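Values in this text are rule-based calculations from the coordinates and carry no lab data. Just so it is clear, the structure is predicted and the values come from calculations on it, not from any experiment. Here the Cβ positions follow ideal geometry from the backbone for every residue, glycine too, while neighbour counts run over all protein chains shown.
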Amino acid sequence: MIDISSIPNVPPALIYLAGAALIPLLGKGKGRKIYLIVLAALGLISVALIKPQTTWGFTVLPGFELTFLHADSLSLIMGYIFALIGGAAILYSVNIVKESGEFVCGLLYLGSALGVVFAGDFFTLYIFWEIMAFSSLGLIWYSRTERATNAGMRYILFHLFGGCALLGGILIHYMNTGSVLVASININEAGILGYLLMLIGIGVNVAFIPLHTWLPDSYPKATIAGAVFLSVYTTKTGVYVLARTFPGVEAVAYIGGAMCLYGVVFALMQNDVRKLLSYHIVSQVGYMVAGIGIGTYIGINGGIAHVFNHILYKALLFMCMGAVIYATGRNNLTELGGLAKKMPVTMITCVIAALSISGVMGFNGYISKSMVIQAAELDGMHILALALIMGSVGTFLSFLKLTYFTFFKRNDEIKAKEAPLPMLIAMSVTAFLCVAIGVYPKLLYGILPYEVVHFHPYALGHTIGTLELLIMTAFMFFIMKIVLTPHERITYDIDHLYRKAGRGFIWFCEQPLVTVANFIDKGLLRIADSFVWFSRNPTAASRIMVAMVGAVVMRPFNPAYMRYERDLEELKKVYPGEVPRVAIGTGVLLALVFFTLYLIIYLTHGLLWL
């Protein structure tokens, strides 16, 4: 019998990256489905077998090593949830994804996210960071619509900017400290510029306000399966790297509070179901960022616990809405309704996910949200705690709206049937985990970075307070249902300003700059024409020029200028005329005069430079 604990650890990223390379060889039949499910299982097993403090790398230069596997409690919990939900997303996709290239992009995306999580040095992290950006782009472009193409371009421009900022910060940090290990960044050691560049580079992936607009712009336009993958990896790898590099930075905590409220406000205004979910990624990541910014043990535990829980319920929400779009071909709340009886499994799992993200007792979101809010209160950050509580109210309103207008609003015209079995299995397993962690949170406590002490989410006072808040919010929804009714409208985010600035820049390039360039071009052409004109008969041209100057100079002082004008007119009529031959002696004399002048200029000005 093989002792699997004795199998040497291999970086999980390599399993998925190598597995992606074989996808195009498998065709589109059952063989590909079986291969994908086996690959997902192997990836999950490889992560499960990694022991804490395991390291795997190789030396590329003397004294310089790339570390592809560095395992501790923080990287392992991220690895577990990434591999787990990656397997669910693959199972969800096997029946609805037709093109092998989309699976290749999904596996590269999953593998590179795991590469970031287990990277032990910043250069390895950066390599996988960029693979993650470009592979995820394919999940948007495989929609093959003009809107997806344009959104993908904006998406990759944002991530190229973020990648350049991150690389600049890494290089400055390395030059100042001589270290490339992934660790907390000290502003005094890294320098202000390196510190800010790294924070901005990570902030793009985390979706800091105002660097977030790529997310609600691109995720709703991705493929059905691609959106499930996208909802998991980019922002959460950003949160992980933020936890490694900027824990305990108070400004980061308040950025998280701003994200929480901002995302909720914009989510409430959306009609497109996946755009609503995308804005809630911004909001929910705000809880994670706040916990990391607080920086205490309970704060970081809360932030990472929320990463774990959020990945479960957010992936489930994207699965459910993907199933709705797959079954109906509709993605706007104004077009949906009446699906509760037609798609009962999808409805039940979506309600579970909605209760989880809203922080209802008995579901996983309640555990991690409570932990982050308690961390803010214990640290004396009461304004932040209030912002996070208000975010919870807005979240519950949003998902009452989503579930009601998707499943329970009357719509006799809509036709649909339940999603394919692999989709239902993936959704049901994920929903079960949301409930299991909510009911028995010790399943999660055991894998958090720090030991959980003095935290009791089901303490009577806290539970009653949360229940009162939820009841008031539900009552508010039914009172304000007319106001919250979805409408066909355009909501402008900060990217509207970016686009206006971009159009202004393009206008500046096309109008003023082009005008100046044309003016210079015409001027140079006139000068060139003048040289050509002069070269046709230099002697006659010189006489014409002398006559022109004489006419201009003499006009104010002497009537004799008329003679110059008459000569000028006569010369112009016969120009260029016959070019006179210059005698050899005259030519030699002119050459000697030219070289004499050149020698004088060289001796007087050239020597001054020596």
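Observations
- Across the chain, the longest run free of exposed loop sites, meaning GluC sites (Glu not before Pro) lying outside DSSP classes H, G, I, E and B with no more than 11 other Cβ atoms within 10 Å, spans 1-412.
- Compared with the dominant Cα axis of the chain, that is its longest principal axis, helix 250-268 is turned about 80°.
- Charging the Cβ of each Asp and Glu at -1 and of each Lys and Arg at +1, and nothing else, the dipole of the range 3-90 about its Cα centre rounds to 540 debye.
- The angle between the Cα long axis of helix 273-294 and the longest principal axis of the Cα atoms of the chain comes to about 80 degrees, rounded to the nearest 10.
- Cleavage-rule hits (trypsin sites (Lys or Arg not before Pro)) in the range 355-412: DSSP loop, at most 11 neighbouring Cβ within 10 angstrom: Arg410
- What you get for the range 199-295, charging only the Cβ of Lys and Arg (+1) and of Asp and Glu (-1), is a dipole of about 180 debye around the Cα centre.
- Ignoring lysines fewer than eight residues from Lys33 along the same chain, the ones with Cα atoms less than 19 angstrom from its Cα are Lys98.
- Spatial separation of Cα centroids for the range 464-523 and the range 298-362, in angstrom: 26 Å
- Of Gly19, Ser530, Val264, farthest towards positive along the dipole that unit charges on Lys, Arg, Asp, Glu beta carbons give the chain: Ser530
- Positive-end residue, the chain charge dipole about Cα centroid, Cβ charges, pick of Gly302, Leu333, Leu317: Leu333
- Dipole of the range 1-246, positive direction: furthest Cα of Val97, Ser184, Pro210, with charges on the beta-carbon: Val97
- Relative to the longest principal axis of the Cα atoms of the chain, the long axis of helix 495-510 lies at roughly 20 degrees.
- Convex hull volume of the Cα atoms of the chain, normalised per residue: 315 Å³.
- Listing Leu230, Leu114 from fewest to most neighbouring C-beta atoms within 10 Å gives Leu230, Leu114.
- Relative contact order of the chain: 11 percent, from C-alpha pairs under 8 Å at least 6 residues apart in sequence.
- Helix-derived mean residue ellipticity, 222 nm - over the chain, DSSP H n ≥ 4, -39500 (n - 2.57), to 500: -23500 deg cm²/dmol
- The dipole here belongs to the chain: it is taken about the Cα centre, uses +1 on the Cβ of Lys and Arg and -1 on the Cβ of Asp and Glu, and is about 1680 debye.
- Straight Cα distances below 19 angstrom link Lys500 to the aspartates and glutamates Asp217, Glu510, with same-chain residues fewer than 8 positions distant left out.
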